[in-house]
Amino acid sequence: MLSQELVTENYNKGFINKIETFGSVDGPGVRFVIFFQGCNMRCKYCHNPETWAKSCGETTIWSAKKLFDMAWKYHNYWGTNLDKGGITASGGEPLIQIDFLIELFSIAKSYGVHTAIDTSGQPFSRDKAYLEKFDKLMSLTDLFIVDIKAFDTNLHKKLTGVGNENILDMIKYLSDNGKHMWIRRVLVPNLTDGEEDLKVTSSFIKSLKTVDKVEILPYHTLGVFKWKKLNIPYSLEGYNSPTEEEIIRAENLLEIKN
Ligand code: SF4
């Protein structure tokens, strides 16, 4: 059963899984983080599998204005010039709900709020109709936080269920259009830490013009209980979190100098 914060027929409806009012890792400063419902990828290490379906028991439906008004209550924590903290759309995959996102960020920008999107990039395409919307969204977004989960598309497919050609294309497109990015890599020893894959990822990142930060996210198992609760088999049993040395090795291969 979905609870409806506001249902107005002419509004885009946002399907939201949860909200974090004081996020500190999904963009600069203090963030109001909105976890969008729905994702087409199936990352083996996903710690939010409850966001995969278009809706679940925890989903709430919002209008963009109502959701912004909720976020705005916290704006005093975002910094005096509204340039430190702000709003981050995460998920799940926010780009699946691009119409709602455009409406939400249009309101946010009219208030001068810093906006960020944490995206897997999976919905991106150069399809004319999609690209028009994406261009509009880009103009309303200050920062894109994107993963390169693996550079090799076969490895990416094994890891997430989909290839990554359009994801790398989106990253290139963001760079070509001057959009600032943070790039992340979830490090799973013996799965996403191959020397060659990290080196080609590094070369790709070096070819981009607008990357402000590159980060390693160490694999962890804190979300495994959710897979069990949802009765989804977890295939990374036996894989460990990386050690400090393994993280440093990967940072060196990625040539991280943040
Ligand atoms: S893209 Fe994100 S939400 Fe989707 S399966 Fe992967 S980790 Fe989970």
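The values are calculated or read from the model by the stated rules, or taken from the named source; none is laboratory data. Since we're looking at a predicted model, the values are computed, not measured. Counting neighbours? That spans all protein chains shown, and the Cβs are built from the backbone with ideal geometry, glycine included. Accessible surface areas use protein heavy atoms only, side chains included; no ligands, DNA or RNA. Shrake-Rupley method; radii C 1.70, N 1.55, O 1.52, S 1.80 Å.
Of all residues in region 208-239, count the ones that are closer than 17 Å to R185 by Cα and open to solvent by 80 Å² or more (accessible area, probe 1.4 Å).
Looking only at that region, the number is 1.
Out of curiosity, is F124 within 23 Å of Q37 (Cα to Cα) and more than 16 Å from the ligand (Cβ to nearest atom)?
Taking the combined requirement at face value, the residue does not satisfy it.
Could you go through region 174-190 and let me know if any residue there is within 24 Å of P94 (Cα to Cα), in a helix (DSSP H, G or I) and either open to solvent by less than 20 Å² (accessible area, probe 1.4 Å) or of a type in the set (S, T, Y) (or both).
Yes, because at least one residue in region 174-190 is within 24 Å of P94 (Cα to Cα), in a helix (DSSP H, G or I) and either open to solvent by less than 20 Å² (accessible area, probe 1.4 Å) or of a type in the set (S, T, Y) (or both).
Restricting to region 9-26, name every residue that is modelled with pLDDT under 95 and open to solvent by less than 50 Å² (accessible area, probe 1.4 Å).
Passing the criteria: G23, D26.
Quick one: count up the residues across region 85-124 that are over 19 Å from the mean Cα position of the chain (by Cα) and in a loop (DSSP other than H, G, I, E, B).
Qualifying residue count, region 85-124: 2.
Condition check ((1) open to solvent by less than 10 Å² (accessible area, probe 1.4 Å); (2) within 16 Å of the ligand (Cβ to nearest atom)) across all residues:
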position	(1), (2)
C43	no, yes
E50	no, yes
K54	no, yes
Y74	no, no
F105	yes, no
S110	no, no
T115	yes, no
S120	no, yes
